[in-house]
1. For the condition in the same structural domain as L133 (by TED's automatic domain parsing), hydroxyl-bearing (S, T, Y) and at pLDDT below 95, what is the one hit in T250, T213?
2. Conditions: (1) under 20 Å from A84 (Cα atoms); (2) buried (at least 21 other Cβ atoms within 10 Å of the Cβ). A191 meets all but one. Number of the miss?
3. When you scan the stretch 251-289, how many residues do you find that are among the β-branched types (V, I, T), under 30 Å from A317 (Cα atoms) and in contact with a strand residue (DSSP E or B) (Cβ under 7 Å, 6 or more places away or on another chain)?
4. Take A323 and decide whether it is part of a helix (DSSP H, G or I), within 13 Å of V385 (Cα to Cα) and modelled with pLDDT under 95.
5. Condition test on I322, is it over 23 Å from R32 (Cα atoms) and touching a residue at least 24 places away in the same chain (Cβ under 8 Å)?
6. For residues that are at pLDDT 95 or above and touching a Leu at 6+ places or on another chain (Cβ under 8 Å), tally how many sit in the stretch 1-37.
7. When residues of the stretch 236-293 are filtered for being among the basic types (K, R) and farther than 23 Å from E332 by Cα, how many remain?
8. If a residue must be surrounded by 12 or more Cβ atoms within 10 Å (Cβ to Cβ) and either closer than 18 Å to E206 by Cβ or within 30 Å of the chain's Cα centre (by Cα) (or both), how many such residues does the stretch 135-156 contain?
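The values are calculated or read from the model by the stated rules, or taken from the named source; none is laboratory data. Not measured: the values here are computed from a predicted model. All Cβ positions, even for glycine, are placed from backbone atoms using ideal geometry, and neighbour counts span all protein chains on display.
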Amino acid sequence: MPQKVAVLVLAAGRGTRSGGGVPKQYRPIGGRPVIRASLEIFGSHPRIGTVQPVVHADDEALFVAAVAGLRVQEPVIGGATRQASVLAGLAALETSKPDIVLVHDAARPFLSSALVDRAIDAAAATGAAIPALPVTDTVKVVDGEGRVTQTIDRAALRTVQTPQAFDFQKLLAAHRRAAESSRQDFTDDAALAEWAGLTVTTFEGESRNMKLTTAEDFAKLEEEEFARLPDIRTGMGFDVHAFGPGDHVTLGGVRIAHDQAITGHSDADVALHALVDAILGALADGDIGSHFPPSDPQWRGASSDRFLRFAVERVAARGGRIAHLDVSIVCEAPKIGPHRDAIRQRIAGIAGVTVDRVAVKATTNEQLGFIGRREGIVAYATATVRLPWSGGHAR
């Protein structure tokens, strides 16, 4: 009879060293939250019956948004330490009585299905096993003054990863024993298992199964992600709307007080409309009017951030990334300069990119034409998009 396998995915940490404004497990990589990648691997694996996330109480909304459509259990709220979070997850799994449990850090998004198979097989064979890699650098022991006191033979050394794999009942008993003994200092489940008297073995890890920890880790990963998208496209967008009665305009998703309003079927945000057309142009995917016809009453008064999110999602659906967005607004008034940073932040937030990838410029029309007469406002935009190479070539 096949053994029942469950997985704990630990996502209750704060990840403050990574920066980014949210815990690292919810930071986007390639347009997707970090946590989603490992949950997809476990949720689609044919040998895994239960995927149990463990999250922080403050992150439930982030978690729900990150895992939409995935096969996972309702999350368990973790504890103040990693060890406490594992015990909470194990307790939640107890009623389903798995034979084997894998414990994985959500901040390791790049594991493979083959690694999961090795973990399950190793746990079935030995009852406690961890993925390990040989140490390739020379290791030194230093004193408090930084002086080398010893060179360690690295042949017997290993660095370890997750998922760590165990006989479920043995790991649960070990965790409960540690809690009863007020031991909360174990850095991983293998160390706790060793303390409890279990023999822990190793199996082959994966060099790509790295743990994301610092802002530098994310920056390096962003560079690698972009490097894997060689098809670089540029699209252009243009939009124009007339002024009419009102007390504000909306530009780049920001409400700006003014003695006129911009007229149009939606909120008439020329900056976002131009950006939408630029992105769709880079994808060769029609224009804003073909996806959101002005004749359709459902778009009357609609907020244009919906249109920009749609265009960004079209990029993600193609496996691509937005590299840069550039918009120029042409009007005599209102003055754009005081609102430039707010507009950049708003566009970056909608598009899911960092603000350094958004440029906003403004100019007047030197009192010439309909713009100079303050009858309307114009926006030009370009979007640079990177996609996987499709293999298509002109003949």
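1. When all the criteria are applied, what remains is T213.
2. Of (1) under 20 Å from A84 (Cα atoms); (2) buried (at least 21 other Cβ atoms within 10 Å of the Cβ), only one is false for A191: (2).
3. Here is the first cut: in the stretch 251-289, the residues among the β-branched types (V, I, T) are 254, 256, 262-263, 270, 276, 279, 288.
Those still in the list that are under 30 Å from A317 (Cα atoms) too: 254, 270, 276, 279, 288.
Checking which are in contact with a strand residue (DSSP E or B) (Cβ under 7 Å, 6 or more places away or on another chain) leaves us with 270, 276, 279.
So the count comes out to 3.
4. Answer is no for this residue.
5. It is false that I322 is over 23 Å from R32 (Cα atoms) and touching a residue at least 24 places away in the same chain (Cβ under 8 Å).
6. Final tally of qualifying residues: 5.
7. Here is the first cut: in the stretch 236-293, the ones among the basic types (K, R) are 255.
From what's left, farther than 23 Å from E332 by Cα: none.
So the count comes out to 0.
8. Residues meeting the conditions: 1.
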